[in-house]
1. Has region 211-220 got at least one residue that is in a helix (DSSP H, G or I), touching a residue at least 24 places away in the same chain (Cβ under 8 Å), under 19 Å from GLY107 (Cβ atoms) and not small (Gly, Ala, Ser)?
2. Just wondering, is there one or more residues in region 117-129 that are part of a strand (DSSP E or B) and modelled with pLDDT of 95 or more?
3. Give region 1-25 a look and list any residue that's closer than 20 Å to LEU76 by Cβ and not in a helix (DSSP H, G or I), or say none.
4. Considering only residues that are surrounded by fewer than 18 Cβ atoms within 10 Å (Cβ to Cβ) and touching a residue at least 12 places away in the same chain (Cβ under 8 Å), look in region 223-234 and name the one that is nearest to VAL209 (Cα to Cα).
5. Scan (1) open to solvent by less than 10 Å² (accessible area, probe 1.4 Å); (2) more than 14 Å from the chain's Cα centre (by Cα) for the single condition THR67 breaks and write down its number.
6. The conditions are (1) surrounded by 12 or more Cβ atoms within 10 Å (Cβ to Cβ); (2) within 15 Å of VAL224 (Cα to Cα); (3) among the acidic types (Asp, Glu); (4) modelled with pLDDT under 95, and GLU264 fails exactly one of them. Which is it?
7. Return the only residue of ASN167, ASN150 being in a helix (DSSP H, G or I) and of a type in the set (S, T, N, Q).
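The values are calculated or read from the model by the stated rules, or taken from the named source; none is laboratory data. Worth saying up front: this structure is predicted, and the values here are computed from it rather than measured. Don't worry about glycine lacking a Cβ; one is built from the backbone with ideal geometry, like all the others, and counts go over all protein chains shown. To get the accessible areas, we keep the full protein, side chains included, count just its heavy atoms, and leave off ligands, DNA and RNA. Shrake-Rupley method; radii C 1.70, N 1.55, O 1.52, S 1.80 Å.
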Amino acid sequence: MGEIKVSPDYNWFRSTVPLKKIIVDDDDSKIWSLYDAGPRNIRCPLIFLPPVSGTADVFFRQILALTGWGYRVIALQYPVYWDHLEFCDGFRKLLDHLQLDKVHLFGASLGGFLAQKFAEYTHKSPRVHSLILCNAFSDTSIFNQTWTANSFWLMPSFMLKKIVLGNFSSGPVDPMMADAIDFMVDRLESLGQSELASRLTLNCQNSYVEPHKIRDIPVTIMDVFDQSALSTEAKEEMYKLYPNARRAHLKTGGNFPYLCRSAEVNLYVQIHLLQFHGTKYAAIDPSMVSAEELEVQKGNFGISQEEQ
């Protein structure tokens, strides 16, 4: 139990990457928590947005690996926002505060939905250069909870946690997936009632993505073939919405592949970001990219990526 929490990697991460807290709204109870790692001269970093149950550190394996390869990576934890517009406005202010004009977004589950909504929200003055959508969805109605979305704020914490835990894998899983689930349960326990209630509200409030507003953004859809909280219909809907997206399929990984299949996820993230190397929107320090490395990555690109 709790293998990840006591692992050398996690302890190294917690001791070397500081957690920053930033307030950008007039309401100073709305605090963004984030880890910002990698070269500061990069002006178009990759930003990770967590699922309902996640905190910023659930992406520690991506932060450690990608910064080691020269990428600038930011992992976020949301303040309490009760609707998508409020979230998008707050996130825009955060990017302004960090002096980031454009960013690449990696969103997991709810994080993926919010990444799409933010790209849509800023489509007239684009702030999102590309999207990686991991186990993401495009329409909240798939959860059949839109009718209860407005009552989450009334529910006690234990009831909200029960709702979230109901989406976690309950069948037999391999040891790495079991560790990932344990770690996410631990992260869930650290969230307060208002944090959980607001995230569930964002997750279930009646809303959908308008694809015509974000059709020019490069997208990679990352999903798993084994059991996850997403139905096959929801996955098919994503493929329809983004017919030109690259697809990164993992045979297994459940709801949290970035924890239990981090090597594969990190490779797919690199492959996605490769297309921006050598441009002003590169998320990697140019000095870290050699011609040989580019060739190797292009080789990986051909083998590992299914383009449709």
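1. yes
2. Here is the first cut: in region 117-129, the ones part of a strand (DSSP E or B) are 128-129.
Keeping just the survivors that are modelled with pLDDT of 95 or more gives 128-129.
Taking every residue of region 117-129 in turn, at least one turns out to be part of a strand (DSSP E or B) and modelled with pLDDT of 95 or more.
3. If the condition is that a residue be closer than 20 Å to LEU76 by Cβ and not in a helix (DSSP H, G or I), then ILE4, VAL17, PRO18, LEU19, LYS20, LYS21, ILE22, ILE23, VAL24, ASP25 are the ones that fit.
4. GLU233
5. Just one mismatch for THR67, condition (1).
6. Result: GLU264 passes all but (4).
7. ASN150
Yes/no matrix, rows are residues, columns are (1) open to solvent by 20 Å² or more (accessible area, probe 1.4 Å); (2) touching a strand residue (DSSP E or B) at 6+ places or on another chain (Cβ under 7 Å); (3) closer than 17 Å to ASN135 by Cβ:
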{"site": "CYS204", "(1), (2), (3)": "no, no, yes"}
{"site": "SER207", "(1), (2), (3)": "no, no, no"}
{"site": "VAL219", "(1), (2), (3)": "no, yes, yes"}
{"site": "ASN255", "(1), (2), (3)": "yes, no, yes"}
{"site": "ILE271", "(1), (2), (3)": "no, no, no"}
{"site": "MET288", "(1), (2), (3)": "yes, no, no"}
